[in-house]
Amino acid sequence: MGNKTSSKPLLSPKRLERQFSDYKPLYSEAEALIEANRCINCYDAPCISACPTGIDIPAFIKKISTGNIIGSAKVIFEANMLGYSTGRVCPVEELCVGACVYNDLNSSPIQIGRLQHYAAKKAMEIEENTGEKLFPRSKRKSDKKVALIGAGPASLACAAYLALDGIEAVIFEKDTLPGGLNTTAVAPYKIQTEASIEEVNWILQHGVELKTGVEIGKDIALEKLIDEYEAVFIGIGLGMGKRLELKGNDSAAVWRATDLIRKIKNDPDFSLPDELNTVLIIGGGNTAIDISRELAMLGVKDVRLLYRRSRKEMPGYEHEMVEASRYGVRLVEHVTPLEIIRNGEQIKALKVKSTISNDIFDLPCDWVVEAVGQLKHVTKISPEIEVDDQGRVIVDAKTRCTSNPKVYAGGDCINGGKEVVNAAQDGREAAFDILRNLGISPSLHGEKYFKSFVSENKN
Amino acid sequence: MADLSVNICGIKSPNPFWLASAPPTNTGEQVMRGFDAGWGGAVWKTLGEPIVNVNSRFGAIDYSGTKVIGFNNIELITDRPLASNFKEIYEVKKRYPHNVVIVSLMVETKDEWQEIIKRSVDAGADGLELNFGCPHGMCERGMGSAVGEEPKVLQEITSWAKEFSNVPVFVKLSPNVTDIRDPGMAAVMGGCDGISLINTIKSIIGVDLDTLVPKPSVGKESTNGGYCGPAVKPIALHLLAVLGKDPKINVPISGIGGISTWQDAAEFIALGATTIQVCTAVMHYGYRIVEDLIDGLNNYLNNKGLKSVSELTGQAIPGFVDWGELDLNYDIIAKIDGDKCIGCGLCYVACLDGAHQCIHTQKGPCHGWHGEADHGFGPRTEVMPPLHHDGGVPAMSHVPFVDEEECIGCNLCMLVCPVPDCITMVEASHSESKKSWKDHVAKGSA
């Protein structure tokens, strides 16, 4: 069974993440109207091409500006069932907002993510208040069943599109909480667990079934699912955080970044010790930047990010590093860790080497956080699923079908760790191919929003 | 510093900017604050038998987040006692002898006109403006636009006013007529000294989609109002130019209608207005806007090398001609500056759906040009995107390009382009001399 962090209710208000406020709060109606009216409604807009799910962004923004919130949300969800959380957690600076033509006019680009968050949230509220569903489930009777492994964004998106067309979609989640990284990992100033769960529940009400606490490969064999279901979708993400081979890192004061982040988000009994003054984070990716900023925002005075190359070469986004710096996170470039010097369980210092001068020096600290990537764990599910040399499940680029024609995969387990929005798109593409193979033509969400179908036609 | 002072019908004004007869000139206190802000004159809120107003009274059109591009009202003339108004007019003229006060009037019978004109002149009015334009409320009582739309009645009342007044008489015209020259000529025949135009346009500003009551609502009902504000400027400019062009309309004109900026004012002056009246922009932003009206007009005149505002008056009228006189051989085409283009595609879709399908993207030619989207008309011309000098891939793939052979120079792409000076219309080389439709008709070739 999944590694439960506590027997107490997981959504206790005492969780540390509750101390964070939204970095980009929900727009008021006035704010949304002003921002929506700024959009010049480009034709064949660059923001659409920059979106992995190809949402017709000018269309949904135009609908916000005319007060047609339901219509706006439909445009979003037809392309991306996780439109609510992606509006909040997408690195929009690197995607749609980064592509906005206003960037070339030296004007502030349209805040597409915030508008998407607004339309999705408001429509979900309207749906709840009126009882009128945005997407009523197809009346078509189907005895077809699809199993989905892992209740993260990829499976949720896939299951939603399947359920809308009458398929019985069952998600198996080994953990107690569904939602994947939105629930366990995304920085709390972007989205908190309540909101992630809220989105999961919204998806479930379209007719998706969720079974938590069931681990495929342990509680149920993958082969059994393949036998009993018309198709199986694997959306299990990545595994545990990798550990460095670092002498002295077998202490409770040395953390995997993913574990620490998860404790901050979900563990009601977790708090930072009072005497925590200096935390060194090893890594240069977005997880490293996220945990640095979270610790700094939680009041740790001295948070330093240690990276072995230069800032330019960091895989983490520059805009995230800029934000982290605003909260006091400092970046130490060109250092590589050698050894953790301890006094019992307590850390005295991290011994590092400069990658430029080869000088070796000690950095005194209280905690060390390793943020050096995550393990792939697909092989745990079944050795039958083909993976590449980096452990990523091999799928067809368009259909997301694996070497087994009944098995599909999407999200981090095929791409090695990308964004929620990429996972949502993978899930959608798999859903369309599963429907097609079952002889079901996708109903309301329409093929015109299906990117690979469009590109297929272009060829 | 250009000379901004004007003389209209013998009335001297320190600048051409007057507050129009409307809520901003309702009281002496307001008018004096307007003068303090810099307004050269004010046309007092129309006087007549005081009425009772309704609530609400105003409505507005917003467009894409821009507030009040059009405005309408169902307010009537003054609702204050005439004695108070005349006392305040007297006080204002005493304190501001160099500013112009015109009194707007609207009554019914000849006796009433005689009485109110005498009281106005006695109070110190520099001139009178006969309100024959108000298209709501008062017209149901046989006044306002009910007069403005009846040239015979208009002419007769104008002649009464001239008989009773020893100060200049302006006639304010309604735009709610088929041909503005009819009431314009009637005003001249009646002996008016000047014309003010336009009054507001009969309108319904909108419908409340929750209550399904037109706006502005008075409880569960509404009525037609008078439309004004920036959106009406083109209508006013046209009517002004028609009168300005007509040699029989030989009186000065005070221009009104959607003027918000010094550019608007300069356009009115160039089409023949001697003074400018402003209301909606003041109701939106306050008297303070006159500062830039004065400053901007002054800078414009200086840049143009004009010494006074009167040198600008009517300068654009010769360029306003009948369609039949336009040069059929004049040829321009659109040029897109690739360095400025942001790739929004608005010119492309506008030309494709709304014009002549001659802007193409480098992702592929527009529909109608090739393949299955061709509705049987076949390719117009074979157009290729401009290539790099080395003949390689097209430069800057986001930049649309113009098929110059097919471009008909309509301006649409330039008008929708959000980037200043990115699309310009340039004269195409041509050798043929000017030839108009009228020339063709004269030659018998049409």
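The values are calculated or read from the model by the stated rules, or taken from the named source; none is laboratory data. Note that this is a predicted model, so its numbers are computed, not measured. Neighbour counts run over all protein chains shown; Cβ positions are idealised from the backbone, glycine included.
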Within region B:336-365, of all residues that are within 10 Å of another protein chain (Cβ to nearest Cβ) and more than 15 Å from residue A:101 (Cβ to Cβ), the one modelled with the lowest pLDDT is B:364
If you check residue A:380 against the conditions, is it within 22 Å of residue A:220 (Cα to Cα), charged (D, E, K, R) and within 27 Å of the chain's Cα centre (by Cα)?
yes
Over region A:170-185, the set of residues without any contact (Cβ under 8 Å) to a residue 60 or more places away in the chain and more than 15 Å from the chain's Cα centre (by Cα) is A:170, A:171, A:172
Counted residues in region A:274-316 being among the small types (Gly, Ala, Ser), more than 20 Å from residue A:189 (Cβ to Cβ) and crowded, with 19+ Cβ neighbours inside 10 Å come to 1
Residue under question is residue B:264, and the condition is that it be surrounded by fewer than 15 Cβ atoms within 10 Å (Cβ to Cβ) and acidic (Asp, Glu); does it hold? no
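Consider residue B:85 carefully, then state whether it is closer than 23 Å to residue B:39 by Cα, touching a residue at least 60 places away in the same chain (Cβ under 8 Å) and not hydrophobic (A, V, I, L, M, F, W, C).
On the way: closer than 23 Å to residue B:39 by Cα: yes; touching a residue at least 60 places away in the same chain (Cβ under 8 Å): no; not hydrophobic (A, V, I, L, M, F, W, C): yes.
It is false that residue B:85 is closer than 23 Å to residue B:39 by Cα, touching a residue at least 60 places away in the same chain (Cβ under 8 Å) and not hydrophobic (A, V, I, L, M, F, W, C).
Just to check your reading of the model, which residue among A:155, A:138 is in contact (Cβ under 8 Å) with a residue 60 or more places away in the chain, in contact with a helix residue (DSSP H, G or I) (Cβ under 7 Å, 6 or more places away or on another chain), among the hydroxyl-bearing types (Ser, Thr, Tyr) and not in a helix (DSSP H, G or I)?
Details: A:155 fails: not in a helix (DSSP H, G or I).
The unique qualifying residue is A:138.
Rundown of residues vs (1) aliphatic (A, V, I, L, M); (2) farther than 16 Å from residue A:369 by Cα, yes/no style:
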| site | (1), (2) |
| --- | --- |
| A:305 | yes, no |
| A:309 | no, yes |
| A:319 | no, yes |
| A:322 | yes, yes |
| A:326 | no, yes |
| A:331 | yes, no |
| A:340 | yes, no |
Okay, helices (runs of 4 or more DSSP H) sitting entirely in region A:216-315 with 2 or more residues that are assigned by TED's automatic domain parsing to the domain that holds residue A:335, under 20 Å from the mean Cα position of the chain (by Cα) and of a type outside the set (Gly, Ala, Ser), I get A:257-266, A:286-297
- [ ] Would you check if residue A:72 is assigned to a helix (DSSP H, G or I), surrounded by 15 or more Cβ atoms within 10 Å (Cβ to Cβ), under 19 Å from the mean Cα position of the chain (by Cα) and more than 14 Å from every other protein chain (Cβ to nearest Cβ)?
- [x] no
* Determine whether residue A:46 is within 14 Å of chain B (Cβ to nearest Cβ) and surrounded by fewer than 24 Cβ atoms within 10 Å (Cβ to Cβ). => yes
Counting only strands (runs of 3 or more DSSP E) entirely within region B:238-342, those with at least 3 residues that are polar (S, T, N, Q) are B:273-278
task = Determine, yes or no, whether residue A:347 is under 30 Å from residue A:405 (Cα atoms) and either of a type outside the set (Lys, Arg) or over 25 Å from the mean Cα position of the chain (by Cα) (or both).
result = no
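Condition check ((1) touching a strand residue (DSSP E or B) at 6+ places or on another chain (Cβ under 6 Å); (2) surrounded by fewer than 24 Cβ atoms within 10 Å (Cβ to Cβ); (3) at pLDDT 90 or above) across all residues:
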position	(1), (2), (3)
A:362	yes, yes, yes
A:389	no, yes, no
A:426	no, no, yes
A:429	no, no, yes
A:439	no, yes, no
A:447	no, yes, no
A:452	no, yes, no
Residue A:87 vs (1) assigned to a helix (DSSP H, G or I); (2) touching a residue at least 60 places away in the same chain (Cβ under 8 Å); (3) within 27 Å of residue A:413 (Cα to Cα): all pass except (2)
Checked A:59, A:119 against criteria (away from chain B (no Cβ under 14 Å), of a type in the set (A, V, I, L, M, F, W, C) and either in contact (Cβ under 8 Å) with a residue 40 or more places away in the chain or assigned to a helix (DSSP H, G or I) (or both)); the one match is A:119
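Being part of a helix (DSSP H, G or I) and under 25 Å from the mean Cα position of the chain (by Cα): is that true of residue B:130 here? Step through it out loud before you land on a result.
Numbers: part of a helix (DSSP H, G or I): no; under 25 Å from the mean Cα position of the chain (by Cα): yes.
For residue B:130, the condition - part of a helix (DSSP H, G or I) and under 25 Å from the mean Cα position of the chain (by Cα) - is not met.
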